[in-house]
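The values are calculated or read from the model by the stated rules, or taken from the named source; none is laboratory data. What you are looking at is a predicted structure, and each value in this text was computed from that prediction instead of being measured. Using ideal geometry, Cβ is built from the backbone for each residue, glycine included, and neighbour counts are taken over all protein chains shown.
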Amino acid sequence: MGADLDILAQSAALVQGGFFAALLLAVSVFDIRKKIIPDSLCLGIAMTGLFAFEPAKLAGLLASALFLLAALALGGMGGGDIKLMATAGLVLGFSKSIAAAVIGLTALLVFHVGNIIIQKLCGRDARKSYPLAPFLSLGCLAAYFLL
């Protein structure tokens, strides 16, 4: 009986991971192409949290508060990024959401520095802004599958 429950839990986590990855890919493509993150995709991400729901993962919503504070204080970030991290928090939980944010923002920083170097070598100015969702999605996937 206990082995059956373990297999069921592993299956739910696998299904959840597949949907989570597919939705994060869709969010990234939308953000790159249209500079928006549709609410329907964020709702889908939130719904994936039901596949292997644990009440403790509700605390993952708090990770988005960091993005809300940054958006209010500094600007330059859309509400879609905040909703993305809130809904991903329902899947990841608090500690993995914080890790996802750190990984995603670090990836953005590395990308930006690399872009500056390449553009300087080519005699051009580097872009000043990038879509954030692809980097946050990378962090969320890393946190989900590797941590």
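Values computed for the structure shown
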| read-out | value |
| --- | --- |
| Criterion: over 12 Å from the mean Cα position of the chain (by Cα), part of a helix (DSSP H, G or I) and closer than 25 Å to Leu14 by Cβ - qualifying residue of Ser137, Ser95 | Ser95 |
| Of residues in segment 49-68 being over 13 Å from Thr87 (Cβ atoms) and not hydrophobic (A, V, I, L, M, F, W, C), the one modelled with the lowest pLDDT | Glu54 |
